[in-house]
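Everything on this sheet refers to the single structure shown next.
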Amino acid sequence: MNQTSYKLIIRSSDKNFFIEDVKNTFLGLDDGEIVIIPNMAFFVGNLKIHICKVIHANNNIEYLTINGGVVSFENNVLNIFANSFERKQEIDIKRAEESYKRNEEKLKVLQSEADIQRAKIAIEKALNRINLYKNIK
């Protein structure tokens, strides 16, 4: 059967589920980008911090921040196990901007490589949220 949509399920440790019928999902992977379409072959990948574009079955377009994780597609079900995710309307822009500034300041004084990496990841997540909130309609 040639379907025109598939089930998108997003899970994270801090949220229950995001379950929708969709036509396409644009994902950022560690090694590039991919568009998930109905009826495509089995796929598994690692997600990077990115803005995910979802085209719903009713043609509405929605954007989400995805802060890393893993993805699998099989039998017209796309499972995203995200470290965290947010819809645009859920973003607290003041908190994102404060996180960005706080971690930029931390980078100036941090010594250990582990602390530097954590601050860089926090900056990347904050910029991802700020970009979605301010630049994507």
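Coordinate-derived values only; no laboratory data. The structure displayed is predicted, hence computed values, not measured ones. Using ideal geometry, Cβ is built from the backbone for each residue, glycine included, and neighbour counts are taken over all protein chains shown.
Under the definition of Cα pairs under 8 Å and six or more residues apart, what whole-number percent is the relative contact order of the chain? Numbers along the way, then the final one.
Values: 272 pairs, mean separation 29.0, N = 137.
That works out to 21 percent.
If R₀ is 41 angstrom, what is the calculated FRET efficiency for the pair residue 101 and residue 56, using the beta carbon separation as r and rounding to 0.05? Don't jump to the answer; show the numbers that get you there.
Details: r = 35 Å, r/R0 = 0.85.
Between residue 101 and residue 56 the formula returns 0.75.
Checking the table 94/137; 48/88; 23/125; 94/120; 7/120 against a 30 Å threshold on Cα-Cα, which pairs fail? Intermediate values should be presented prior to the final figure.
Details: 94/137 18 Å; 48/88 18 Å; 23/125 27 Å; 94/120 19 Å; 7/120 33 Å.
Check vs 30 Å cut-off fails for 7/120.
Using 7 Å Cα-to-Cβ label points, what is the residue 127/residue 70 separation (nm, one decimal)?
About 2.8 nm, to one decimal.
Over all distinct alpha-carbon pairs, what is the Kirkwood Rh of the chain in angstrom?
Numbers: mean 1/r = 0.0632 Å⁻¹.
For the chain, inverting the mean 1/r across all distinct Cα pairs yields 15.8 Å.
Any chance you could check the Cα centroid distance between the range 1-68 and the range 106-128 for me, in angstrom?
Measuring centre to centre over Cα atoms gives 28 Å.
Hey, what do the phi angles of the range 26-34 turn into as Karplus ³J(HN,Hα) couplings, whole Hz, using 6.51/-1.76/1.60 and θ = phi - 60°, x for Gly and Pro?
9, 10, x, 10, 4, 10, x, 10, 8
Non-local amide H neighbours of residue 49 (under 5 Å, H modeled in plane, Pro and chain starts lacking H): which ones?
Answer set, sorted by chain and number: 68.
Projecting each Cα onto the charge dipole of the range 92-135 (Lys/Arg +1, Asp/Glu -1 at the beta carbon, about the Cα centre), which of 100, 131, 110 comes out farthest on the positive side?
Ranked along the dipole, the leading option is 131.
Over the range 86-137, what is the relative contact order in percent, taking alpha-carbon pairs closer than 8 angstrom and at least six residues apart?
50
Putting +1 on Lys and Arg Cβ atoms and -1 on Asp and Glu Cβ atoms, find which of 50, 79, 22 reaches farthest to the positive end of the dipole of the range 6-88.
Most positive-ward Cα: 22.
Would you calculate, for the chain, the mean residue ellipticity at 222 nm contributed by helices, counting each DSSP H stretch of 4 or more residues as -39,500 (n - 2.57) and dividing by all residues, to the nearest 500?
After summing the helix terms and dividing by the residues of the chain, the value is -10000 deg cm²/dmol.
Using every Cα-Cα pair within the range 1-56, state what percent have a distance larger than 17 Å. If you can, show how the numbers build up before the last one.
Working: 656 of 1540 pairs.
Tail of the P(r) past 17 Å holds 43 percent of the pairs.
PRE reach from residue 44 (point 7 Å along Cα→Cβ): which of the range 57-81 fall under 19 Å by backbone N?
It comes to 68-81, nothing else.
So what's the net charge close to residue 114: Lys and Arg +1, Asp and Glu -1, counting the other residues with Cβ under 14 Å from its Cβ? Numbers along the way, then the final one.
Working: positive: 106, 118, 120; negative: 113, 115.
With Lys, Arg at +1 and Asp, Glu at -1, the neighbours total +1.
Which FRET efficiency value, to the nearest 0.05, do you get for residue 89 and residue 109 by plugging their Cβ-Cβ distance into 1/(1 + (r/R0)^6) with R0 = 25 Å?
Numbers: r = 35 Å, r/R0 = 1.41.
Approximately 0.10, to the nearest 0.05.
I need the calculated FRET efficiency for the pair residue 35 and residue 13, taking r as the beta carbon distance and R₀ as 25 Å, to the nearest 0.05. All intermediate terms of the calculation are to be shown ahead of the outcome.
Numbers: r = 27 Å, r/R0 = 1.06.
After rounding to 0.05, the efficiency reads 0.40.
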